[in-house]
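See below for the structure under consideration.
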Amino acid sequence: MNAPLIFQLVGLRYKLLWAQTRTRNGRIALFLAAYLFAIFIVILMTAGGYGAAMIAVRSGHAETVAQAVLGGLFLNALVASVVTGFGINTAFTDAALRRYALNAQERLAARHVTGILEPVWIFVLALYLGLSTGLYVFGAGNFWLGAAAVLLLLMANYLLARVLATLIEWLSHVKGGTAVLFLLLISLCLLPSALIPRLVRAHGARHAMRAVLGYTPPFAAAALTVNAGAGMLHNFGLLAAWIAALLVLLAAIEKQAARPRSAAAAVATWDNRYERIASIFGPTMAPLVGRSLRYYMRSNKVRFNYIGALPALAFITFNNPAAGGPLHYFVRALGGFTVVGFLGTAVMSTNQFGFDASGFRRYFLLPIAPGEILRASSYTAMFVGGTLVAAALVLWVLFAPVPFDARIATMLLAAGAGGLCLFNGLSIWTSLLAPRATSFETTFGNQLSLGANVLLIGGLLACILGVMLLDNLAGPAAVLSYWWVSLPAAALAILFYSYSLRLGAATFVSRRERLLNALEGRN
Amino acid sequence: MTAAIEVANLTKKYGETVAVENLSLTVPAGTMFGFLGPNGSGKSTTIGCLTGLLDPTAGSIRILGEPFGDSAVALKRRMGVMPESLGLFDALYAHEFLFFQARMFGLDAETARHRVSELLEAMELGGTGKKRLSEFSAGMRKRVAFAAAVISGPDLLFLDEPFESIDPAGVASIKQWLHKITAQGRTVFLTTHVLETVERLCSQVAIITKPGKLVWQGDISALDRDGTISHDGTEFRTLEQLFLHLTGERYAQLDWL
């Protein structure tokens, strides 16, 4: 194994990460990351590892607490990395590594060593180690055994995230894969809230669940962190088996995904669907909107988010059974409707030029005012997002367990339209002020700029938490009695959008060289 | 002879860095004009300013007899540009991209479709209907970019390294079309590092050095007739000799190589 060269590559990966801090956005990201890291360290030392370990030992149920903490961390790391893409972006592809003196096995090792040494996984390891060290300090475990167990757990965690992300990436490229993903997403969003209460009530189900969970990596690692004796070999074997199985599975999926999908020779066929839709925006806009529509509709990232937006809305609305009547569902739906149209297109609308690569140059060669390009791209996002709002409203009227009330429909429509305008207005600014060159072909991986991340994650949280607050403080009846407030609020959002478009057009022209530099990788 | 491009005292700065300094240039209409310079001398920056991509820091530009600026939409309609980075929209198919380009330049849908089909056949890209531009080879991408530049039948054509990566048959076809364009009184503004190509194709040449300073402009048609170019009392038999003389010969000795 060519270990020196592999670690040279790890070093190169960190140099590349550090190089990103040379940009203004990079410096802001570094500052925030350092700030967050400091906070997390405090949390880790108090409530995380040591705290959990202390509770574990004092409660007399060390293994149960360890199972819960490691299981929770494992799941959170998995979801966070697969959903946001942190830690599973491929730093070096197999093709890129072929230029170095590495054989196939060494290339595989290089990819996964650089992958698992990404900062996010080191942070997850710190959390795992916090618990195992805490258990050792409070006399409930063996230090080295615990450390070895959480190291193996981290490997399993990383590999499972890679398997899931690669599988989803592959599914999104094959015929029918999008439908499978859609079903999986709906199941993931709706099944837990439907199944877990029933399982908890069912006799014997809890024991059966515990028995099954005993074979999972977090439970095996939890047993090892608190128990040096019985079952040690069994649990180490279990972790090793998981890692081996995941490695084999990952290799198989990567092999399948790497098969060339080049199109067979075919003559040009004139598909006018996009032109027909775009023609509603007028003759000047039609070619630009048609081009943007093709980008939106062909992007796996957008398609994945688009099909996931309605299940996400259902999750936000129906995740917890509404205590106190079905009207509570309506208040939660308000938050969901505000963000649903934006969720479907955010990966592209918050970074409108990031997918254009060198095509960005062409905008300024076209015989039109550059502001028209910004306008066309934004109209496309509004149009695509608008279809989600319309679909959500129809589904709500047909299936929501809430009696029909015109005020509810009006409020939801106003929230949908207002949210669409507000978030797309803000997206104009993230596109202009925080652009980032992004790969069109990938489905996963968080390639949004810092500004876009703040807008997307912040917007989502604000909508979810805002309506929870509204529900708790005012209650659904009071919210409904002020239904008319939604109309001026939506009108304000429309005004903001229209103002952003106008001011954004001038900013687009004045910042074009900076945008060009950012999109072509120059500072 | 009227001028297709008139540049007076053009300067482009990026902060403190001067990319083009006080460049004045006149390109006669109906010529094939070679714009040459070493790497980093400011050729692409000059083209950026001449085509509307970049804002000049100072100086004036007249294109086809009219002042050129941000709002010169009508003038842009008469120009075709093939940028060095090609400027393709990778998620589109070739015919979709060319159709988009044609429509943006004011062609009606029927004419646009007709020209797209003809160009795809002429560029030997006829069987690529279901292949995105991102999947094209370097040479195929270059052909698409060339087709996009000419699809509107421009009066002034900017070509930045047009022949790189294209096979000999493709290069021959493009050269033939370029001759046809100039024969009709239209102008081609060409940059390339292949000086033999410039020697054979262009009648007029301008050479710049860092930072975007014009060091020579003149007629090179004599070279095509086995003649010479005279500069500072020296006779140059090839464009390469003149270019190296003006820009400075640089040969580094690498003992280990």
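The values are calculated or read from the model by the stated rules, or taken from the named source; none is laboratory data. Note that the coordinates shown come from a computational prediction; the quantities given were computed from them, not determined experimentally. Reconstructed Cβ throughout: ideal geometry from the backbone, glycine too, with neighbour counts over all protein chains shown.
I'm trying to understand the selection: among the residues of region B:141-162, which are within 11 Å of another protein chain (Cβ to nearest Cβ) and more than 20 Å from B:Ala112 (Cβ to Cβ)?
Matches in region B:141-162: B:Arg141, B:Phe158, B:Asp160.
Restricting to region B:145-186, and then to whatever is more than 15 Å from the chain's Cα centre (by Cα) and β-branched (Val, Ile, Thr), can you tell me which residue is surrounded by the most Cβ atoms within 10 Å (Cβ to Cβ)?
Ranking the candidates gives B:Ile151 first.
Every residue in region B:197-235 that is in contact (Cβ under 8 Å) with a residue 24 or more places away in the chain, of a type in the set (A, V, I, L, M, F, W, C) and outside any strand (DSSP E or B), please.
Listed by number, the residues that qualify are B:Val198, B:Leu201, B:Cys202, B:Ile220, B:Leu223.
To keep it simple, each residue is scored yes or no on (1) more than 14 Å from every other protein chain (Cβ to nearest Cβ); (2) over 15 Å from B:Asp160 (Cβ atoms); (3) surrounded by fewer than 15 Cβ atoms within 10 Å (Cβ to Cβ); (4) of a type outside the set (Gly, Ala, Ser).
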residue: B:Val7; (1), (2), (3), (4): yes, yes, no, yes
residue: B:Lys12; (1), (2), (3), (4): no, yes, no, yes
residue: B:Gly15; (1), (2), (3), (4): no, yes, yes, no
residue: B:Asn22; (1), (2), (3), (4): yes, yes, no, yes
residue: B:Thr26; (1), (2), (3), (4): yes, yes, no, yes
residue: B:Phe35; (1), (2), (3), (4): yes, no, no, yes
residue: B:Gly42; (1), (2), (3), (4): yes, no, no, no
residue: B:Ile47; (1), (2), (3), (4): no, no, no, yes
residue: B:Leu50; (1), (2), (3), (4): no, no, no, yes
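Filter region B:69-104 down to the residues that are under 20 Å from B:Lys43 (Cα atoms), modelled with pLDDT of 90 or more and more than 7 Å from chain A (Cβ to nearest Cβ) and list them by number.
B:Met79, B:Gly80, B:Met82
Can you tell me which residues in region A:445-468 are under 17 Å from A:Val79 (Cα atoms) and either out of contact with any Ser or Thr (no Cβ under 9 Å at 6 or more places or on another chain) or among the polar types (S, T, N, Q) (or both)?
A:Asn446, A:Gln447, A:Asn453, A:Leu460, A:Leu461
Can you list the helices (runs of 4 or more DSSP H) found entirely within region A:300-384 that contain at least 1 residues being more than 30 Å from B:Leu157 (Cβ to Cβ) and away from chain B (no Cβ under 14 Å)?
By residue number, A:300-318, A:327-349.
Given the criterion within 27 Å of the chain's Cα centre (by Cα), at pLDDT 85 or above and either of a type in the set (A, V, I, L, M) or assigned by TED's automatic domain parsing to the domain that holds A:Leu167 (or both), identify the matching residue among A:Leu127, A:Leu75. So that I can check it myself, show each step before the final result.
Values: A:Leu127 fails: at pLDDT 85 or above.
Only one candidate passes the filter, namely A:Leu75.
Report yes if some residue within region A:441-459 is touching a residue at least 12 places away in the same chain (Cβ under 8 Å), more than 14 Å from chain B (Cβ to nearest Cβ) and among the charged types (D, E, K, R); otherwise report no.
The answer is no, given that none of the residues of region A:441-459 is touching a residue at least 12 places away in the same chain (Cβ under 8 Å), more than 14 Å from chain B (Cβ to nearest Cβ) and among the charged types (D, E, K, R).
Hey, can you tell me all the residues within region B:59-97 that are aliphatic (A, V, I, L, M) and within 15 Å of B:Ala3 (Cβ to Cβ)?
B:Ile61, B:Ile63, B:Leu64, B:Leu75, B:Met79
For every residue, the table says whether it meets (1) in contact (Cβ under 8 Å) with a residue 12 or more places away in the chain; (2) exposed (fewer than 14 other Cβ atoms within 10 Å of the Cβ).
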| site | (1), (2) |
| --- | --- |
| A:Pro488 | no, yes |
| A:Tyr499 | yes, yes |
| A:Ala505 | yes, no |
| A:Val509 | yes, no |
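With the requirement that a residue be at the interface with chain A (Cβ under 9 Å from one of its Cβ atoms), out of contact with any strand residue (DSSP E or B) (no Cβ under 8 Å at 6 or more places or on another chain) and in contact (Cβ under 8 Å) with a residue 12 or more places away in the chain, what does region B:126-140 give you?
Across region B:126-140, the qualifying residue is only B:Ser134.
Tally up the residues in region A:436-463 that are at pLDDT 85 or above and under 16 Å from the mean Cα position of the chain (by Cα), please. Even if it seems obvious, please write down each step before you answer.
Step one: list which residues in region A:436-463 are at pLDDT 85 or above, which gives A:436-438, A:451-463.
So of that shortlist, the ones also under 16 Å from the mean Cα position of the chain (by Cα) come out as A:438, A:451-461.
Final tally of qualifying residues: 12.
Residues being in a loop (DSSP other than H, G, I, E, B) and farther than 16 Å from B:Thr31 by Cβ: count how many of those fall in region B:163-196. Working first, answer last.
The first filter runs over region B:163-196 and keeps only residues in a loop (DSSP other than H, G, I, E, B), leaving B:163-167, B:184-186, B:192-194.
Narrowing further to those that are farther than 16 Å from B:Thr31 by Cβ: B:163-167, B:193-194.
Here the count works out to 7.
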